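Down below is the structure, laid out as structure tokens.
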Amino acid sequence: MAEPTFQEVWETLGLDRTIEADLDKTLVREQSPRDTLRDSLPQLPVGDDADSHFQISQILGSGGMGVVHLAHQSSLNRDVAIKTVRSEGSRAAENALLQEARVMGMVEHPNVVPVHIIGQDNNGRPIIVMKRIDGTAWNDYVDRQTPVEGDWLSFHVGITISICRALSLAHDRQIVHRDIKPENVMVGSYGEVYLLDWGLAVSMDPDSPKIPYAGDANEVVGTPGYMAPEMTIGQGAGLGVHTDVFLVGAALYHVATGAPPNRGDSLFEALRFVYEGRDRMYPADTPVELVDICERAMAHDPADRYQDIDDLRVALEDFLTHRDSHALAAEAHEQLTNLRSAIRDDEHEQVTVLYSEVRFGFLSALKLWKQNADAKRGLAQCLDLMFDYELGRENIAAARAVLTHMTGDTAEQQVRLDELEAALEAQKQRLEKFAYDYDENVGGRMRWMGIAALAVCFFLAPFLKFAFYRSDIPEWLYWAGKTPDILVGNLIALGLAPVVFVYGLVTYKYLRDHKASRIIVNSLIQLYIFAAAIRTSTVWAEMPVSLAVAAECAVLSAGFLPLGMAVDRRFSMGAFAYLPAPIVIYMYPSQATNIFLVSSVFACLGFLVYFRLPWTPK
């Protein structure tokens, strides 16, 4: 069966289609009251004279059929609020006032104004004595007539959450409010929130003796701008907790947009708007999550709304948490921009500080709300950025630390890290090999022993020469030298050959693996071979022996100097040992061989001293 049009529904209500709509004013119809126990109400002395127990001073507010006065309770020396009906109010209005008082008494909650006592005044009219609330109506904040300290939206969502808490108790007591709107909420001076005006409340319990049963509330009542669809058809059977859920969503819509959700120039148009479930508009800057909450709370079908008021409250609390999470993520994004600038400018200390701040900001946002996609995306960008930065600095440990914080597929980053690590390890090995190759202390023991052996040979040479001078040179040795000087020098060279061979076997490891040792040994061998060749060729050319020896000393001195500069500065000792030899030989040519041997001994002793200090054998 097709759902009736609102025109058909309207005709069954018996209302005038031309009635103008006051979207914020409560529409009240007389209803059949249950037993109010009116006759048992005590008489309360109320007046404006000093003898009255409650001394009325001024009107605090009025609405519907009620008026609220400020009064002073002399016995307790406190101010209270006294609510009564207007002077022209009907019997039904008086009964409704008493029902409201009893509902408020049943819903004893921090967010409901406490009722001190109910009774009747001197004229027999019922009155409610309540706690005097010093504060501001919520709609004054909603309409921005009163400024809000702090975050405006969070302030109003917090008030809505307090309303939900009061309704949670009311619904637990089987009571539906039916008239929730910003005008019916009071915000105290210290942030207290009170849900007022329970005059339209009905009970979902058919056996409730003091409150109208929802199933009997077959009339259109409430505030047109906020009514739920089931309130527009005048059938109480459709009322329930879902009705208050809609009304809270409607009040929140007013907060978000600045106007009630139901629109129309007449009562007929306003009620038809909600009955037909027309689309509602939101400002562009309204948070998407808040729009979703409002739309679900105000779903046309009650089954599509939050199942109870606590579900709505939890959604609002989550929204505030998510809002804080979004705020933290936004701050972290700003710092992420600064991190990019610091990386671009290569300000390492600043990069380290900003990275910690950015990562902490996004993690804090995710701690509040794990599903914050913006925070997840920002954290991923931060980690990618820092990973690339540390990789560019070739800081393997820092890059690996960043990688451990990454989630998802990190195979590409792992490959890049492994490749860099392998490249750096290869570079490290090359540098270590280079450092080893040119470490002058490596093979120091072997070099020292070799030079010591050479020094001994040069030291013993004069004794060998003396022996040859004492006797003729044997014919079979004549080929080795024509004179004792040449013979001794060549025999020393021949005698050193096996020594050098054995020395080479002993030092093979260093000569094979240590480049500096190879350079030193090769340089020394080449230098002495070249010097010996100069001497021998000079002698065989029948030049004076002194000239040959002087030439050999000059070659050695000239050879050791660049060797000391290029290989090891300690070889410069050889240059200084042989440098004066040619001059001395020129002065004493007969002592040429002896001068050469003395210079060689000094050169070796100098090598031994300087190769020993400093020296760490390896």
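The values are calculated or read from the model by the stated rules, or taken from the named source; none is laboratory data. Everything numeric here is computed off the predicted structure, so don't read it as measured data. Using ideal geometry, Cβ is built from the backbone for each residue, glycine included, and neighbour counts are taken over all protein chains shown.
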Evaluate the following for Y275: is it more than 16 Å from the chain's Cα centre (by Cα), modelled with pLDDT of 95 or more, aromatic (F, W, Y) and under 30 Å from I175 (Cα atoms)? no
Please go through the range 325-334 and give me each residue that is surrounded by fewer than 21 Cβ atoms within 10 Å (Cβ to Cβ) and either farther than 13 Å from E289 by Cα or in contact with a Phe, Trp or Tyr (Cβ under 6 Å, 6 or more places away or on another chain) (or both), ordered by number. A327, A330, E331, H333, E334
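Quick grid of which residues meet (1) touching a strand residue (DSSP E or B) at 6+ places or on another chain (Cβ under 8 Å); (2) among the small types (G, A, S); (3) farther than 26 Å from L320 by Cβ:
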{"position": "S74", "(1), (2), (3)": "yes, yes, yes"}
{"position": "V107", "(1), (2), (3)": "yes, no, no"}
{"position": "T160", "(1), (2), (3)": "no, no, no"}
{"position": "I163", "(1), (2), (3)": "yes, no, no"}
Quick one: would you say Q381 is of a type in the set (S, T, N, Q) and either surrounded by 16 or more Cβ atoms within 10 Å (Cβ to Cβ) or under 13 Å from the mean Cα position of the chain (by Cα) (or both)? yes
Residue match in the range 183-195 (condition: over 25 Å from F54 (Cβ atoms), at pLDDT 90 or above and assigned to a helix (DSSP H, G or I)): yes
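Here is a yes/no grid of residues against (1) modelled with pLDDT under 95; (2) assigned to a helix (DSSP H, G or I); (3) of a type in the set (A, V, I, L, M, F, W, C):
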{"site": "F362", "(1), (2), (3)": "no, yes, yes"}
{"site": "L379", "(1), (2), (3)": "no, yes, yes"}
{"site": "L383", "(1), (2), (3)": "no, yes, yes"}
{"site": "T404", "(1), (2), (3)": "yes, yes, no"}
{"site": "Q414", "(1), (2), (3)": "yes, yes, no"}
{"site": "L417", "(1), (2), (3)": "yes, yes, yes"}
{"site": "L420", "(1), (2), (3)": "yes, yes, yes"}
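Conditions (1) in contact with a Cys (Cβ under 6 Å, 6 or more places away or on another chain); (2) on the phi < 0 side of the Ramachandran plot, marked per residue:
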site	(1), (2)
G222	no, no
M227	no, yes
Y253	yes, yes
A259	no, yes
P287	no, yes
A315	no, yes
Selected residue (only one of R296, R313 is modelled with pLDDT of 95 or more and over 30 Å from P4 (Cα atoms)): R313
In the set D151, D244, D207, the lone residue that is surrounded by 24 or more Cβ atoms within 10 Å (Cβ to Cβ) and of a type in the set (D, E) is D244
Given (1) among the aliphatic types (A, V, I, L, M); (2) within 18 Å of R305 (Cα to Cα); (3) touching a residue at least 60 places away in the same chain (Cβ under 8 Å); (4) in a helix (DSSP H, G or I), where does I180 come up short, assuming only one miss? (4)
When the residues of the range 1-23 are narrowed to those that are under 14 Å from T232 (Cα atoms) and among the polar types (S, T, N, Q), which ends up modelled with the highest pLDDT? T5
